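**Q** What follows is a single structure, and I will ask about it in a moment.
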Amino acid sequence: MTISAELEAKILRHFYVEKWRTGTIARQFNIHHSVVRRVLSQNGVLKASLMPKKSILDPYLPFVNEILTKYPTLTASRLYAMVKERGYKGGMDHFRHQIMLQRPRPAAEAYLRLRTLPGEQAQVDWGHFGYILIGKAKRPLMAFVMTLSYSRKIFLKFYLNQQISNFLRGHEAAFEAWQGVPRVILCDNLKAAVLEREGNAIRFHSTILAFSAHYRFEMRPVAVARGNEKGRVERSIRYIRDNFFAAREWKNLDDLNTQAKQWCEGQAADRPCPEDRSFSVRKVFEEDQKSLLALPDNPFPTEERIEIKVGKTPYVRFDLNDYSIPHNNVRRILTVFATFDSLRILDGTAVIAEHKRCYDREQQVENIDHIKDLENHKRESRLHRGQNRLMNAIPQSKEFLIKAAERGYNLGAIVYSLLKMLDRYNAVEIGLAMEEALRQGSPHHNSVLLYLEKRRETQKLKPPIPIFLPDKVKNIVVRTHSLEKYDQLQTMEE
């Protein structure tokens, strides 16, 4: 707990002048007694004089101090178990408090104040700013922050994750905003940048190496667990939380990034430069910008690339959503290239689909042409199945359908109607009706039906009883066989 200088002065005055005990001071100023002891110990009062005169822990203090000297980070619970084995009868809470007073404090570390040359160095880091709900998807709101070490110019842009693609996009956007590239960029040991590290031996991500080579800068990770080495960007993130993001209202990510850009070019640029408060960041940045490396002629490709195996349905699964593809590309391994806003799907080198990227979840992003092509393909498949069934049941149907196609009739409607007739009439009768329709030059299903009805009325037959069969049974093709074998069997019996 941090207290003000005024309260610290009151504690010291009441202890030395009024002779108040530590418990009395704690109660009267409504603070914890450990705070009072800390203030007194920092001002020369010995710990022994602050502790009770007699304690059941006193006989064990030499042992405790010896153990803490060897193992300064040993937990109080483990120490408590050790002294209990040696006869200590006190409670855990009292023991934990006493250990806090006895534990050796690490020596305070001093840091050099580093100064950099104009255009020499920038520091980069991610800041987590909660979550954003897009439809049914809960996505992290991550702030990419880059700060120039000399002028303290801030670049800020928000993304929905901290993957390597967004890490690179953030760099490119910062370079474009500053119209230049710093020579060295300090970063954490992010997985997007550093695959593994052993001391000073670092294995970088191959994409990061290619990216830094393209822009001619050095990516330099700081030492492990040494965030102070990039303190400028750490303070920038704190400044963003307090002066930009706090109590800010925004509609969507684009609106938030628009406001962030305006803030970086306005309030953040007009603040006093920490190196020389007589100048603004904007003024010092003019000097910083002159020393930045020039931008290359072409940008670095920052698209996400992933290989995806497609199943039976014509959709590619990417980032929690399904994107449609042409139906003839199923059962293959396709490549997805994704930018922040769009999606391209390739089969080899051919682009087979393009979509706007969706950040919701469990959505089907479809191209209407893909769906129509699949429906037409299915319709044609059904037509072929129906034609095969007719030709196997009624040999005359082949010539009948050819003549109907030459007339420009709708084959789907004709096949559908003939199959319905096949459920009600004999196949032989339908074949004769087709022959009659062909002789009359009218290859249409209505002509066939008219012939069948006339023949029924002429022979004074009862109306046919419709037979309703499952589709699976209807589609079974039964081929006729020669009856000569049965004649032979009958001859043998005689």
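The values are calculated or read from the model by the stated rules, or taken from the named source; none is laboratory data. Only a predicted model underlies this, so the values are computations on that prediction, with no experimental measurement involved. A quick note on method: Cβ atoms are made from the backbone with ideal geometry, for glycine too, and the neighbour counts reach across all protein chains shown.
**Q** Please work out if Tyr416 is out of contact with any Pro (no Cβ under 8 Å at 6 or more places or on another chain), hydroxyl-bearing (Ser, Thr, Tyr) and outside the structural domain of Val310 (by TED's automatic domain parsing). Break it down into steps so the answer makes sense when it comes.
**A** Details: out of contact with any Pro (no Cβ under 8 Å at 6 or more places or on another chain): yes; hydroxyl-bearing (Ser, Thr, Tyr): yes; outside the structural domain of Val310 (by TED's automatic domain parsing): yes.
For Tyr416, the condition - out of contact with any Pro (no Cβ under 8 Å at 6 or more places or on another chain), hydroxyl-bearing (Ser, Thr, Tyr) and outside the structural domain of Val310 (by TED's automatic domain parsing) - is met.
**Q** Does any residue of region 355-363 turn out to be of a type in the set (D, E, K, R) and free of Cβ contacts under 8 Å to residues at least 40 places away in the same chain?
**A** Yes, that holds for at least one residue.
**Q** Let me ask another. Would you point out the residue of region 196-211, among those that are in contact (Cβ under 8 Å) with a residue 24 or more places away in the chain and either assigned to a helix (DSSP H, G or I) or under 23 Å from the mean Cα position of the chain (by Cα) (or both), that is surrounded by the fewest Cβ atoms within 10 Å (Cβ to Cβ)? It would help to see each step written out before you state the result.
**A** Pass one, region 196-211, residues in contact (Cβ under 8 Å) with a residue 24 or more places away in the chain: 197, 205, 207-208, 210-211.
Applying the additional criterion that residues be either assigned to a helix (DSSP H, G or I) or under 23 Å from the mean Cα position of the chain (by Cα) (or both) yields 205, 207-208, 210-211.
On the way: His205: 17, Thr207: 18, Ile208: 20, Ala210: 13, Phe211: 22.
Among those residues, the one meeting the criterion is Ala210.
**Q** Then there's this: What are the pairs with Cβ atoms under 7 angstrom where one residue, in region 11-27, is over 12 Å from Val39 (Cβ atoms) and the other, located anywhere, is surrounded by 15 or more Cβ atoms within 10 Å (Cβ to Cβ)? Sequence gap at least six, or different chains.
**A** Final answer for the pair search is Trp20/His14; Gly23/His33.
**Q** I'd like the residue in region 335-357 that is of a type in the set (Lys, Arg) and out of contact with any His (no Cβ under 9 Å at 6 or more places or on another chain) and, out of all such residues, is farthest from Leu320 (Cα to Cα). Even if it seems obvious, please write down each step before you answer.
**A** As a first pass, look at region 335-357 and keep what is of a type in the set (Lys, Arg): 344, 356-357.
Retained after the next criterion (residues that are out of contact with any His (no Cβ under 9 Å at 6 or more places or on another chain)): 356-357.
Details: Lys356: 14, Arg357: 11 Å.
Ranking the qualifying residues of region 335-357, first place goes to Lys356.
**Q** For region 55-70, check the following and say yes or no: at least one residue is in a loop (DSSP other than H, G, I, E, B), modelled with pLDDT under 90, aliphatic (A, V, I, L, M) and surrounded by 10 or more Cβ atoms within 10 Å (Cβ to Cβ).
**A** There is at least one residue in region 55-70 that is in a loop (DSSP other than H, G, I, E, B), modelled with pLDDT under 90, aliphatic (A, V, I, L, M) and surrounded by 10 or more Cβ atoms within 10 Å (Cβ to Cβ).
**Q** Being touching a helix residue (DSSP H, G or I) at 6+ places or on another chain (Cβ under 6 Å), in a helix (DSSP H, G or I) and not charged (D, E, K, R): is that true of Ile402 here?
**A** On the way: touching a helix residue (DSSP H, G or I) at 6+ places or on another chain (Cβ under 6 Å): no; in a helix (DSSP H, G or I): yes; not charged (D, E, K, R): yes.
The answer is no for Ile402.
**Q** Scan region 240-253 residue by residue and report those that are among the basic types (Lys, Arg) and not in a helix (DSSP H, G or I).
**A** First, the residues of region 240-253 that are among the basic types (Lys, Arg): 241, 248, 251.
Within region 240-253, Arg248, Lys251 meet the criteria.
**Q** Being on the phi > 0 side of the Ramachandran plot and either surrounded by fewer than 17 Cβ atoms within 10 Å (Cβ to Cβ) or not polar (S, T, N, Q) (or both) narrows it down to one of Gly348, Gly386, Gly311, so name that one. Please lay out each step first, then the result.
**A** Details: Gly386 fails: on the phi > 0 side of the Ramachandran plot; Gly311 fails: on the phi > 0 side of the Ramachandran plot.
It is Gly348.
**Q** Here is a check on your reading of the model: is Leu256 more than 23 Å from Ile208 (Cα to Cα), of a type in the set (A, V, I, L, M) and out of contact with any Ser or Thr (no Cβ under 9 Å at 6 or more places or on another chain)? Talk me through it step by step, then tell me what you get.
**A** Working: more than 23 Å from Ile208 (Cα to Cα): yes; of a type in the set (A, V, I, L, M): yes; out of contact with any Ser or Thr (no Cβ under 9 Å at 6 or more places or on another chain): yes.
Spelling it out, Leu256 is indeed more than 23 Å from Ile208 (Cα to Cα), of a type in the set (A, V, I, L, M) and out of contact with any Ser or Thr (no Cβ under 9 Å at 6 or more places or on another chain).
**Q** Would you check which residues across region 254-298 are loosely packed, with under 14 Cβ neighbours inside 10 Å, touching a residue at least 40 places away in the same chain (Cβ under 8 Å) and part of a loop (DSSP other than H, G, I, E, B) and list them?
**A** Pro274, Ala294, Pro296
**Q** Say whether the condition of being in contact with a helix residue (DSSP H, G or I) (Cβ under 9 Å, 6 or more places away or on another chain), more than 18 Å from Tyr239 (Cβ to Cβ) and among the charged types (D, E, K, R) is met by at least one residue in region 150-172.
**A** Within region 150-172, one or more residues are in contact with a helix residue (DSSP H, G or I) (Cβ under 9 Å, 6 or more places away or on another chain), more than 18 Å from Tyr239 (Cβ to Cβ) and among the charged types (D, E, K, R).
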